[in-house]
1. Can you pull out the residues in region 37-65 that are surrounded by fewer than 16 Cβ atoms within 10 Å (Cβ to Cβ) and part of a helix (DSSP H, G or I)?
2. Please specify each residue of region 259-278 satisfying the condition of being more than 16 Å from the ligand (Cβ to nearest atom), surrounded by fewer than 12 Cβ atoms within 10 Å (Cβ to Cβ) and part of a loop (DSSP other than H, G, I, E, B).
3. Would you point out which residue out of 114, 129 is within 11 Å of the ligand (Cβ to nearest atom), in the same structural domain as residue 16 (by TED's automatic domain parsing), in contact (Cβ under 8 Å) with a residue 24 or more places away in the chain and touching a strand residue (DSSP E or B) at 6+ places or on another chain (Cβ under 9 Å)?
4. Determine which single condition residue 79 fails, assuming it passes every other condition in (1) within 13 Å of the ligand (Cβ to nearest atom); (2) assigned to a helix (DSSP H, G or I); (3) modelled with pLDDT under 95.
5. Yes or no: residue 103 outside the structural domain of residue 231 (by TED's automatic domain parsing), in a strand (DSSP E or B) and away from the ligand (no atom under 14 Å from the Cβ)?
6. Would you check if residue 146 is part of a helix (DSSP H, G or I) and either farther than 24 Å from residue 184 by Cα or within 12 Å of the ligand (Cβ to nearest atom) (or both)?
7. From the list 237, 253, which one is out of contact with any strand residue (DSSP E or B) (no Cβ under 8 Å at 6 or more places or on another chain) and over 24 Å from residue 53 (Cβ atoms)?
8. For region 117-126, which positions are in a helix (DSSP H, G or I) and in contact (Cβ under 8 Å) with a residue 60 or more places away in the chain?
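The values are calculated or read from the model by the stated rules, or taken from the named source; none is laboratory data. Because the structure is a prediction, the values reported are computed rather than measured. Every residue, glycine as well, gets a Cβ built from its backbone with ideal geometry; the counts of neighbours run over all protein chains shown.
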Ligand code: NCD
């Protein structure tokens, strides 16, 4: 199955057929992983460019490439890169095209991924562009929802926390918009509500969503997608301090509840560790799902 795109910068590009193909690919890659991986990408090189902090995303991209027999070259830390010396994103990508067969990049500026893709001859994947998009996170979130709940259509999905600056919830909302009858509950303080680019998209698609500041509204949904307040995006740090612990989930909230708790991680206080042993807690399984999803994507984009 061929994907409809060569570069992945936003989940808005994806068709339902793309989403289904990647989900099926990830399921197949879980089988490959169960056998310890294989060599189907032998000789291929992934360039992992991380100009903003990352642990999971970078490690899971690297693991995905290595489990398929490929190799990885890495540049990380903005202050050590030529971007810091004033090189444009476009020139960095043109240069890395000379070395690698595929590129994954995280960058602090919204829009940097589109600029990179516009000049890249090799497939380019956005691994997070500031408060913009994080499409591979959304794909692994989708895969996790399917695995945990057995379906996607008809589910009630609550997204909680920093919906303004959190790129994962933007990407995931666009992606879930491809599935029939998904109903959204957006839970955020007034300062951090979902941006218009997402709500107008859902309006256009005639998908149901409600917006509230009340955390309790999420506990009776099928999925409770928690997020971190994005400290690094606040111009005024005192505003961050005021909002950082606005929603805190603990085991007591989940008594008798069937809701699946997800989080892209890292968490910084919004989910207490007493939630971890509960069957509801899917966030570490979710992090693991990043590997088969990225394996599937790498293979499809390189074939
Ligand atoms: C997220 C990100 O970088 O946007 N982390 C991740 O990729 N798993 C979420 C976050 O940093 O809050």
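1. 59
2. First pass over region 259-278, keeping only residues more than 16 Å from the ligand (Cβ to nearest atom): 259-260, 272-278.
Restricting the remaining residues to those that are surrounded by fewer than 12 Cβ atoms within 10 Å (Cβ to Cβ) gives 273, 277.
Across region 259-278, the qualifying residue is only 277.
3. Values: 114 fails: within 11 Å of the ligand (Cβ to nearest atom).
None of the other options fit; the residue is 129.
4. (1)
5. Details: outside the structural domain of residue 231 (by TED's automatic domain parsing): yes; in a strand (DSSP E or B): yes; away from the ligand (no atom under 14 Å from the Cβ): yes.
Yes, satisfied.
6. Details: part of a helix (DSSP H, G or I): yes; either farther than 24 Å from residue 184 by Cα or within 12 Å of the ligand (Cβ to nearest atom) (or both): no.
When the stated conditions are applied, residue 146 does not pass them.
7. On the way: 237 fails: over 24 Å from residue 53 (Cβ atoms).
It is 253.
8. Within region 117-126, the subset in a helix (DSSP H, G or I) is 117-119.
Matches in region 117-126: 117 only.
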